[in-house]
Every structure is written in structure tokens, then in C-alpha cells.
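Participant: Here it is, the structure in full.
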Amino acid sequence: MYASWTGFGRLAGRAAAVGGLALVGAGCGDDNPTQSTPPKIDIAFYTDRDGNFEIYLMNTDGTGQTNLTNNAASDQGPAWSPDGSKVAFSSDRDGSTSEIYVMNADGTGLTRLTNNSAGDYGAQWSLDGSKFAFVSGRDGGNDEIYVMNADGTGQTRLTNNATYDSAPTWSPDGTKIVYHTSSQVYVMNADGTGQAPLTNSSTEAESFDPDWSPDGTKIAFGSNRDGNSEIYVMNADGTGQTRVTNNATADYEPAWSRDGSQIAFTSQRDGNEEIYVMNADGTGQTRLTNNPASDAGPDWSPLR
Ligand SMILES: [Ca+2]
Ligand SMILES: [Ca+2]
Ligand SMILES: [Ca+2]
Ligand SMILES: [Ca+2]
């Protein structure tokens, strides 16, 4: 949940916010795609419509909702590899805390990348596919931002402070990481130096869920500065902060399409968490999921 950065961040908040069991949606169909499936773009997300959180894919018009995971654990936070061949996610399937995993885009080839007694989650690939930024509580007390190589080696802490750090995302050129800390959106160099706020730290409002546009010029984020959570877009230097959603319920988790023309996001405007898409200027807001369960954390694949 967008307002749950005390404790375990979004994972714990979302796990605690689950409503009733949902009827099985379109996800368990057997529409066996053939070898000649044409190139397409998928939106990955996670949903508890089957009783606990699973990673799902759907087409960008909301059709073809299909689960990639199927187990009793909580599988959350999908992130596409830049080449569209793999999906990273977090799961507590091997114990009481979440670890970061990678699977092929058809759900096969599961590989665990982290292994410790604290929660690890929020993995995001660098655009060259060589590294992850992620969140871990392994060093005690509160969550910090880490990086590792794409095979899980070289796990290195970037932040070290008394507050919870979360939601890291790379700049397209790989030189910077934007993230959430101290109730604001911050940016730092990819080696952890130069940590600085992009949103105003002097207000009571919180800004969160940053996502860098594919051309590097803009950052989308969520903020409750106008009374409830809305999606905003700003220039990458923090100037020009502009609201692109406007309604009485919570809108958060913006995710740019790979061509930069659209933003997917999570909203509660229709009574529970659903995935929506809109043009990057906020026009054309369209719901893609529609069920009483939680649907959240959208991430666009490239054309694949
Ligand atoms: Ca599961
Ligand atoms: Ca911290
Ligand atoms: Ca709103
Ligand atoms: Ca829903």
C-alpha cells in the first residue's frame, strides 16, 4: 500500500490489506499459444484473486490475464528484464521472509538470487540488464537500497541511514537511481553517492513510487500532497511537478510504457486495487483489471 512505509514497506502493507477471496478470473485458461505468436507487449502485475498473491501477465488492453506463479506463498513485485525474456519478483516461498527470484517469461526456470533471514524485495533491472537495484532489511533496523549483479553476485548496500529506503528504479543510462526515503523521492548516483531529494522535504505530504521515463527526461511518482494519493510527473531534476490523476481515492505505482507514451498505475477508484493505463499526460484513463481482489504493481514489457 502506498501509505505503508513503516515496517516492511509495500509487501507487508499489501499482504495485510487483502479482501475476500476472488472468483478465478481469466488467468487459468488453457488457450495454449502457438509457436507463431506475434510480437506483443505484456503488463506484469500481482494479484491475490486466487487466494494468495501470484505474478500475472496481461495484454495492454487487459485481455489474456494469465498467472506465471502458482503456489501458496506470496509472490509480488514483478519487474521485466529489459529484453523481455525474464521476470524478477519477490516471494516468501522458501521461508518466512521474502527473497528475490528470477523466472523466464513463461514461468519456468526459477532462480533465487538472495538468501538471508531478512526481507528482500523491490528488484528493478538496469536497462542494460547487468544489475538489479533492490530493497533489503538484512542489515537490521530498517530497509536499505542495495545493488547486485543480475546473477545475484556482488550484493552491495547503497544507503545507510535510520529511515526506511524503498522503491529504487534506475535512470535509463544506468548512472543514477531514484528511490523513496524520508517521505520523499530522492535520487543518488549508482554507487550510492550524492543522495538528494527531488520532492519537497519541507511539507507534511509524502511522495513515493518513482519511475524514470524511458528517455530519461521525466520521473513519474505518487504523492498525497493534494489530499489523497495521485500520480505526478516531473522533470528528472525535480522541476515541473505536474499532477496527472485527480480523484478522491488513492492512485499510485506509476510505471512507464517502454515507448514513454503511456503510464500504467494502481488505483482504488473502483472500490479495490485495479490496474489502469493512461496517456502520459493523464488523458484516456482506462481500467484493465476488474475483480474484487487486489491487483497492483504493474510493469510493462518491451515489445517481445
Ligand atoms: Ca503465490
Ligand atoms: Ca535506511
Ligand atoms: Ca487520487
Ligand atoms: Ca481488483
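The values are calculated or read from the model by the stated rules, or taken from the named source; none is laboratory data. In this text the structure is predicted, and so the values were computed from the model without any measurement. Positions of Cβ are backbone-derived with ideal geometry, glycine not excepted, and every protein chain shown enters the neighbour counts.
Participant: Does any residue in the stretch 179-193 that is under 15 Å from residue 157 (Cβ atoms) come within less than 9 Å, Cβ to Cβ, of a residue that is hydrophobic (A, V, I, L, M, F, W, C) and surrounded by fewer than 17 Cβ atoms within 10 Å (Cβ to Cβ) six or more places away or on a different chain, and which pairs are these?
Facilitator: Close Cβ pairs satisfying both conditions: 188/196.
Participant: While we're on this one: Given 236, 280, 220, 250, which one is of a type outside the set (Asp, Glu) and within 16 Å of ligand 4 (Cβ to nearest atom)?
Facilitator: Answer to the check: 250.
Participant: A further question follows. I'd like the full set of residues that are out of contact with any strand residue (DSSP E or B) (no Cβ under 8 Å at 6 or more places or on another chain) and under 18 Å from residue 115 (Cα atoms), limited to the stretch 153-168.
Facilitator: 153
Participant: Quick one: residue 162 ticks every box in (1) over 23 Å from residue 200 (Cβ atoms); (2) surrounded by fewer than 14 Cβ atoms within 10 Å (Cβ to Cβ) except a single one, so which number is it?
Facilitator: (1)
Participant: Of everything in the stretch 69-101, what is buried (at least 22 other Cβ atoms within 10 Å of the Cβ), in contact with a Gly (Cβ under 6 Å, 6 or more places away or on another chain) and under 25 Å from residue 303 (Cα atoms)? Give them in sequence order.
Facilitator: Matches in the stretch 69-101: 77, 89, 90.
Participant: Within the stretch 137-160, take every residue that is among the acidic types (Asp, Glu) and at pLDDT 95 or above and give me the one that is farthest from ligand 2 (Cβ to nearest atom). So that I can check it myself, show each step before the final result.
Facilitator: From the stretch 137-160, those among the acidic types (Asp, Glu) are 139, 143-144, 151; that's our starting set.
Checking which are at pLDDT 95 or above leaves us with 143-144, 151.
Values: 143: 6, 144: 5, 151: 26 Å.
Of everything passing the filter in the stretch 137-160, 151 is farthest from ligand 2 (Cβ to nearest atom).
Participant: Now for a different question. Taking the criterion of being farther than 22 Å from residue 81 by Cβ, away from ligand 3 (no atom under 14 Å from the Cβ) and not aromatic (Phe, Trp, Tyr), would at least one residue in the stretch 250-257 satisfy it?
Facilitator: Here is the first cut: in the stretch 250-257, the residues farther than 22 Å from residue 81 by Cβ are 250-252.
Narrowing the set further to residues that are away from ligand 3 (no atom under 14 Å from the Cβ) leaves none.
No; the residues of the stretch 250-257 include none that is farther than 22 Å from residue 81 by Cβ, away from ligand 3 (no atom under 14 Å from the Cβ) and not aromatic (Phe, Trp, Tyr).
Participant: Looking at the stretch 279-304 only, could you name the residues that are within 17 Å of the chain's Cα centre (by Cα) and either within 16 Å of ligand 3 (Cβ to nearest atom) or acidic (Asp, Glu) (or both)?
Facilitator: 295, 296, 299
Participant: Across the stretch 236-257, what is the total count of residues that are touching a strand residue (DSSP E or B) at 6+ places or on another chain (Cβ under 6 Å) and surrounded by fewer than 17 Cβ atoms within 10 Å (Cβ to Cβ)?
Facilitator: Residues in the stretch 236-257 being touching a strand residue (DSSP E or B) at 6+ places or on another chain (Cβ under 6 Å) and surrounded by fewer than 17 Cβ atoms within 10 Å (Cβ to Cβ): 3 in total.
Participant: Does the stretch 58-79 contain at least one residue that is touching a residue at least 24 places away in the same chain (Cβ under 8 Å), part of a loop (DSSP other than H, G, I, E, B) and either in contact with a Pro (Cβ under 7 Å, 6 or more places away or on another chain) or within 16 Å of ligand 2 (Cβ to nearest atom) (or both)?
Facilitator: no
Participant: If I go through the stretch 81-100 residue by residue, how many of them are in a strand (DSSP E or B), closer than 18 Å to residue 153 by Cβ and out of contact with any Ser or Thr (no Cβ under 6 Å at 6 or more places or on another chain)?
Facilitator: Total satisfying the criteria: 2.
Participant: Here's another thing I want to ask about it. When the residues of the stretch 258-275 are narrowed to those that are charged (D, E, K, R) and in a loop (DSSP other than H, G, I, E, B), which ends up farthest from ligand 1 (Cβ to nearest atom)?
Facilitator: Residue satisfying both the conditions and the ranking: 259.
Participant: Select from the stretch 116-138 the residues that are of a type in the set (Ser, Thr, Tyr) and exposed (fewer than 15 other Cβ atoms within 10 Å of the Cβ) and write down the one among them that is nearest to residue 177 (Cα to Cα). Don't jump to the end; show me each part of the working.
Facilitator: Let us first name the residues in the stretch 116-138 that are of a type in the set (Ser, Thr, Tyr), namely 117, 121, 126, 130, 136.
From what's left, exposed (fewer than 15 other Cβ atoms within 10 Å of the Cβ): 117, 130.
Details: 117: 25, 130: 14 Å.
Only one residue fits best here, namely 130.
Participant: Let me ask something additional. Within the stretch 278-295, how many residues are touching a Leu at 6+ places or on another chain (Cβ under 9 Å) and either at positive phi or small (Gly, Ala, Ser) (or both)?
Facilitator: So the answer is 1.
Participant: For residue 143, only one of the following conditions fails: (1) more than 21 Å from residue 46 (Cβ to Cβ); (2) surrounded by 23 or more Cβ atoms within 10 Å (Cβ to Cβ); (3) of a type in the set (Asp, Glu). What is its number?
Facilitator: (1)
Participant: Quick check on the stretch 40-76: of everything there that is within 15 Å of ligand 4 (Cβ to nearest atom) and out of contact with any strand residue (DSSP E or B) (no Cβ under 6 Å at 6 or more places or on another chain), which residue is farthest from residue 106 (Cα to Cα)?
Facilitator: Only one residue fits best here, namely 51.
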